[in-house]
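Have a look at the structure below before the remarks.
The values are calculated or read from the model by the stated rules, or taken from the named source; none is laboratory data. Here the structure is a predicted model, which is why all the values come from computation and not from measurement. In this analysis, Cβ positions are derived from the backbone assuming ideal geometry, glycine residues included, and neighbour counts consider all displayed protein chains. Protein only, heavy atoms only, side chains kept; ligands, DNA and RNA dropped before computing areas. Shrake-Rupley method; radii C 1.70, N 1.55, O 1.52, S 1.80 Å.
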Amino acid sequence: MNNVELAQTFEKIADLLEIKGEVIYITLAYRRAAESLRILGQEADTYRATQPLTSIPGIGKAIAEKITELLDTGKLGFLEKLEAEVPVSLLEILEVPDVGPKKVALFWKQASITSLNELEIAAQERQLRSLPGMGEKSEQRILEGIAALRRRSHRMTLGVARPIGLRWIEWLRAQPCVLQAEFAGSLRRWRSTIGDLDLVAACEDPSALMAAFTGHPDVERVLGQGENKSSIELKSGLKLQLWIQPAANFGSLLQYATGSKEHNVRLRELALKQGWSLSERGLTSPDGKLVSYPDEESLYQALGLLWITPELREDRGEIQAALAGKLPALLHTSALKAELHSHTTWSDGVSSIREMAEAARQRGLKVLAITDHSASLGIAGGLKAEDLLKQRVEIDQVQKELGSDILLLQGSEVEIKADGTLDHPDEVLARLDIVIASLHVSLRQPRKEITERLLKVMRNPHVDIIGHPSGRLLPNREGADLDMDAVLTSAKEHGLALEINANPARLDLDEVYARRAAEMGIPLTINTDAHSSTDLDLREYGVSVARRAWVEPEGVINAWPVEKITVWLKSRGRK
DNA sequence: GCCGTTTTCGGCCCGACTGTTTTCAGTCG
């Protein structure tokens, strides 16, 4: 059982216990443990070989025993007993918006409803309104909720959400009373996928702004409307929330709406220890006096903290670090000097070598590696060995024309074939300036097989970088079922670099393994995998992964001085 | 169920909004 499966098991336990009516803090403990496992960056099975599971935050004696049972037997007696008490099909009802554990228990115990279909029929037949605490409106809301659930649009990638968020900010700032407006939530934290869009505004006439918001022409339904907070569903299915506060309190509001929820909980606990109570309205002193904060910096400062960049606000140690004055010095896009993964018209790119080089130079890059696909990736027009010789001539020519402003490297993104061999023979790889090996096909191989396939490639001394290691495609296609512990260990052993692919549909390595890799001292490389010159602007998405992974500039090859990059390549046997 | 520069027991974040209610419970973020 891997960490994701363990986490899902504990989330299921939490849901079932909540419906059962267990004390809320017990369910919270299971959820916290699940999250800890998700971000561990090392399989629990490997972890326990060197240190006790109870050293993981949020995991104590009871949950550690359950993990051990799951790892050793694949089963959990506690869960089996629980499932015999609480029907698992109730969990699908829990997904309905505005239906929580209390309502689920009510439907189950008082109306014998145990599935989504039964709930829908009962609502259609007007049987729910007679239950205690229910009425006509609640019944209608449940029918709407079921419909919303069925047409639910899945999470968006960051690359889709950012332009939408920016347009809404523009709209907000154009409204008459608005003094400040930002997007908040997971979009501001640069999470790789985004569910709903959270917006905040400072405005002295909130009711007018709320009316404009809920009356926007793109609105399909108004989900809620109040003085300080409203939420809408657009015709596209996207949900938006808007919070409004006076400008004097914009910092508290922005902080609150940015989250994450877990970060905010920790922050409030910290405030409480210092005798304050924290909310989106500001800090309340023990004698009930409310203090507002116009910006986030002053709010964090009031709690004795350095300002924490939104990317770190996930309750992964950032508050302790800020208290100790030891926040990481994170990477900025402007620090990137190199792009080591790009495609041109020689394979499936749309820009020429010259256009790519010019675009890279304009963006302040000092190194550009041209890494077109290898032959077997037929769909991408991959290059054969003889094509590489011809391409080298063109690269040399462009290099001569552009002079020393930018260093062009000839590389290849070599296909890792299903049997674990590479698409070019070693003598061809040896002639190149840099080699990326990537998985594109047969990603569904069983864990053992696909891990061994990748490890075999990593042992080849002519491979410098593993491109987008998992092969995932956001928001929906899972990556390969790799044993990442083994992959990271091998990268460390062979001095290989692992890529953080900056394409918002990839962001692969993800932040969990990027953090682990950096801790292990494995060099990371942030590349856009550009298929056009404008794709070079995707660098900021890759940087966001590194930032969320606490990676500092020294850990990223692209942020090294050019001389250090060439020294690294030489150390790998490149000329 | 977890955790400890107040505590190994007794705490564990906070407010807005909705609907059903005459003061509050449930849900959400």
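Data overview
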{"quantity": "Relative counts (whole %) of C-alpha pair distances in chain A, using bins that are 20 Å wide", "calculated": "18, 47, 31, 4, 0"}
{"quantity": "Rounded to whole Å, sorted largest first: equivalent-ellipsoid semi-axes of the range A:467-566, Cα gyration tensor", "calculated": "19, 18, 11"}
{"quantity": "Contour excess over end-to-end distance, with Cα ends at A:Q397 and A:E65 and 0.36 nm allotted per residue", "calculated": "113.1 nm"}
{"quantity": "³J(HN,Hα) computed for each position of the range A:403-415 - Karplus, 6.51 cos²θ - 1.76 cosθ + 1.60, integer Hz, glycine/proline x", "calculated": "x, 8, 4, 9, 9, 9, 10, 9, x, 8, 9, 8, 6"}
{"quantity": "The range A:333-571, accessible surface, carbon-and-sulfur percent (1.4 angstrom probe)", "calculated": "53"}
{"quantity": "A:R477-A:L389 FRET efficiency (beta carbon distance; Förster radius 51 Å; 0.05 resolution)", "calculated": "0.90"}
{"quantity": "Karplus 3J(HN,Hα) series, Hz, for the range A:519-534 with 6.51 cos²θ - 1.76 cosθ + 1.60 (x for Gly, Pro)", "calculated": "4, 7, x, 7, x, 9, 9, 9, 10, 7, 6, 4, 10, 7, 4, 6"}
{"quantity": "The range A:156-245, accessible surface, carbon-and-sulfur percent (1.4 angstrom probe)", "calculated": "48"}
{"quantity": "Part-to-part distance (alpha-carbon centres) for the range A:81-104 and the range A:12-32, which is given in Å", "calculated": "11"}
{"quantity": "Net +/- balance of residues flanking A:R150 in space, Cβ distance below 12 Å, scoring K and R +1, D and E -1", "calculated": "-2"}
{"quantity": "Solvent exposure ordering (accessible area, 1.4 Å, most first) of A:T258, A:T566, A:T489", "calculated": "A:T489, A:T566, A:T258"}
{"quantity": "Counting DSSP beta bridges with both ends in chain A, the antiparallel % (nearest 5)", "calculated": "45"}
{"quantity": "Inter-centroid distance (Cα atoms) of the range A:212-257 relative to the range A:177-210, Å", "calculated": "7"}
{"quantity": "Solvent-accessible area, 1.4 Å probe, carbon plus sulfur percent, for the range A:251-323", "calculated": "54"}
{"quantity": "Nonlocal amide H pairs with A:D508, under 5 Å, H built at 1.01 Å", "calculated": "A:N501"}
{"quantity": "Hz values of 3J(HN,Hα) by residue in the range A:149-160 - Karplus curve (6.51, -1.76, 1.60), Gly and Pro given as x", "calculated": "4, 6, 9, 3, 7, 5, 4, 8, 6, 4, x, 7"}
{"quantity": "Euclidean distance between Cα centres, the range A:106-124 to the range A:301-330, Å", "calculated": "46"}
{"quantity": "Length added when fully stretched, A:S138-A:E85, from 0.36 nm per residue minus Cα-Cα", "calculated": "16.3 nm"}
{"quantity": "Pairs from A:K66/A:K326; A:K448/A:K570; A:K366/A:K570 whose Cα-Cα separation, in the structure shown, is over 28 Å", "calculated": "A:K66/A:K326; A:K448/A:K570"}
{"quantity": "Potential lengthening between A:V4 and A:Q175 on full extension [0.36 nm per residue; Cα-Cα distance subtracted]", "calculated": "57.1 nm"}
{"quantity": "Solvent exposure of chain A as accessible area per residue, Å², 1.4 Å probe", "calculated": "44"}
